[in-house]
């Protein structure tokens, strides 16, 4: 793909990342982004660019995640960590309303919780997570035209061994059309110095760039960025089977492979917690000890939980096999029916954070091998 | 696919220079129930009661027969309940028949007149009574399944001359578990045929008396043998345990009723009613949006897969 001639581009130095954060803060945003904590790269509030994981990379494989040092000092030289932007867009736990009951009359009036919105700036959003934000908003049936957080995306130059965004069409690069981001960065660490190519996606992105020292982007920087993304595409750790997964899963309901994966799956739900698009929630009604103060809370739930499918008399999905089938079939199959796209963005989190190292790409490939192609179609 | 856009109601931050950050929040408003007062509680069977509720707040929108609401008991919890009252009733009252099978349903059965409960809804799809004008209507119920059907039955009986034969086939385990015996006379007066059956007729373990029973003994599908109505001009509404619905659906297909004219009422774990909590999924469906009422040609392949 030829670089677009219409997108506004600039080059900033690595030091100017601090100026980006200052400009975002001055514009009323709370910057959040990747930081090193608990031997992982997690997401948290950014005080300055020094909080970012300079020179830290990640090493992932099924059931495995470790930090490693990078010799190039890259700031965004890591693949996705255990957290995702979901924790800001769709909090793990929130109070919906509370009510006090008059003990005499039994009357009560639920008071909705007034949420004070935080104007986040997400710094360091990988292309897979850009797609995840879009998919999550659609699943939660939110107004797609409503203004979202300010997004500083960063193209991927060094995908992890569990990454497969090239298969899902969600990475490793951003689109020139500015889809989903306000500013997109490509990190350049070569002999010309540690710099970032900046692509402007929106007017508010442009106003932030204007507040930061920048130079016009030379064509060489644009071409270098293209090469970095193209090479990253060729270094994907994993790929999805080259088939229509929606059709494959629709025909796999009785596949024997589900017994095989169920013999390994702990039904712990880790994959659903780290997944940037898993949106399911549980609603909990509680009271205090007096019985006259009630609250309703919403919290993340997992289709691996036995209570998830509970109807009177018992759960519908009691076997681990049926619960794994539900998750995988929903993510790659019925998500299309419900929301017009796949639910997977190829970030690889579910592979790295599965305690027994179950690999969705391997499971789908195994289903693809065992299901006979339908000849009369 | 129905979408329900949520309207964020969050206030604008004080120092906001751009528009507020609305997409980071989903409004909690659809999860807040309206208050209703229990105005009548009628005991139908040992464990099943019919409640009439009148609104204290702005009433929920008008419901269609077959839709459900989420009913909240203070401090106990919230459950989905199909509406069992007539949609033709002009006031804003809601009628629900509830069987005590858990904490919330047991609390509802004990909620006397004056008790205050919360209601959200109405949610989901309804029985397609309107689309069956001029046709014969066949209602097939297993156990508590008669409750969601009653709503459509009362709608049809209330505008009786728009339909052909109206037949109700109701099955229950034992005679004492049959619902709405006290209003059967009114159904008959409106020209319905009502056939009831029980799974077994055994002596009561305490009194050793065999209960009085004027209906049949056997499965509800056995009652289909006596039907004479023209199947191609019949719409069937079926509600009961899943196994009853699949067997009845198959039997109705064999009789010649078109699959898209057989409607069934599905049950999954409905929690939010808005298609966002995920719990009620059945294959591609969110039962709270795409159900609970759906046609048998759609439901049959889904119900055929174990633990789907």
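Just so it is clear, none of the values below were taken in a lab; they were calculated from the coordinates. The model shown is predicted, which means the values in this text are computed figures rather than measured ones. Note that we place each Cβ from the backbone using ideal geometry, even for glycine, and neighbour counts take in every protein chain shown.
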Taking the Cα atoms of segment B:75-217, report the difference between the largest and smallest coordinate on each principal axis, in whole Å and largest first.
47, 45, 23
Cβ neighbours within 10 Å, averaged per peptide: list B:92-104, B:145-157 in order, most packed at the top.
B:145-157, B:92-104
Neighbour-count ranking for A:95, A:331 (other C-beta within 10 angstrom, fewest to most) reads A:95, A:331
Under the 7 Å Cα-to-Cβ spin-label approximation, residue A:44 and residue B:212 lie apart by a distance in nanometres of 7.7 nm
Difference of contour (0.36 nm per residue) and Cα-Cα distance, residue B:228 to residue B:174
16.8 nm
Listing A:251, A:66 from the residue with the fewest other Cβ atoms within 10 Å to the one with the most, what is the order?
A:66, A:251
Normalise the Debye intensity by I(0) for segment A:245-370, one equal point scatterer per Cα, no solvent, then take log10 at q = 0.15, 0.17, 0.22 Å⁻¹ and round to two decimals.
-0.73, -0.91, -1.43
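Would you mind computing the Rg to Rh ratio of the protein assembly as shown from its alpha-carbon coordinates, Kirkwood style for Rh?
On the way: Rg = 29.1 Å, Rh = 27.9 Å.
We get a ratio of 1.04 for the protein assembly as shown.
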What does the helix-only formula give at 222 nm for chain B: each DSSP H stretch with n ≥ 4 adding -39500 (n - 2.57), the total divided by the residues, and the result rounded to the nearest 500 deg cm²/dmol?
-4500 deg cm²/dmol
Semi-axes of the equivalent ellipsoid for segment B:122-187, please: Cα gyration tensor eigenvalues, times 5, square-rooted, ordered largest first, whole Å.
21, 15, 10
What ranking of B:220, A:20, B:39 emerges when the number of other C-beta atoms within 10 Å of each C-beta is taken as an exposure proxy, fewest first?
B:39, A:20, B:220
Principal axis dimensions, largest first and in whole angstrom, of segment A:102-164 by Cα
66, 25, 18
For chain A, take the convex hull of the Cα atoms, compute a quarter of its surface area, and give me that in nm², please.
22.8 nm²
May I have the convex hull volume per residue, in Å³, for the Cα set of segment A:67-208?
165 Å³
What value, in deg cm²/dmol to 500, does the helix sum -39500 (n - 2.57) over DSSP H runs of n ≥ 4 give at 222 nm once divided by the residues of chain A?
-7000 deg cm²/dmol
Taking 8 Å as the Cα distance limit and 6 or more residues as the minimum spacing, I'd like the relative contact order of segment B:130-265 as a percentage.
29 percent
By its C-alpha gyration tensor, with a ≥ b ≥ c as the square roots of the eigenvalues, how is segment A:1-116 shaped: rounded for a/c under 1.5, else prolate for a/b larger than b/c, else oblate?
prolate
Place the peptides B:201-214, A:32-45 in order of packing, highest mean first, counting for every residue the other Cβ atoms within 10 Å and averaging per peptide.
A:32-45, B:201-214
Over chain A, what is the relative contact order in whole percent, taking alpha-carbon pairs under 8 Å and six or more residues apart?
22 percent
For chain B, compute the orientation-averaged projected area of the C-alpha convex hull (one quarter of its surface), in nm².
18.8 nm²
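Rounded to the nearest 0.05, what FRET efficiency do residue A:289 and residue A:93 have when you use their Cβ-Cβ distance and R0 = 22 Å?
Numbers: r = 21 Å, r/R0 = 0.95.
Using R0 = 22 Å, I get an efficiency of 0.60.
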Name the residue, out of B:28, B:86, B:250, whose mean-square fluctuation peaks in a Gaussian network model built on chain B with Cα pairs under 10 Å.
B:28
Tilt of helix B:242-255 relative to the longest C-alpha principal axis of chain B, in degrees (0 to 90, nearest 10)?
60 degrees
Once normalised by the length of segment B:30-123, the mean sequence separation of its alpha carbon contacts under 8 Å that are 6 or more apart gives a contact order in percent of 40 percent
Average beta carbon contacts from partner chains per residue of A:96-107, 10 Å cutoff:
3
By how many degrees, between 0 and 90 and to the nearest 10, does the Cα long axis of helix B:146-158 differ from the longest principal axis of chain B?
80 degrees
Can you give the Kirkwood hydrodynamic radius for segment B:30-123, in Å, rounded to one decimal and based on Cα pairs?
12.9 Å
Average beta-carbon neighbours from other chains, 10 Å sphere, peptide B:278-287
6
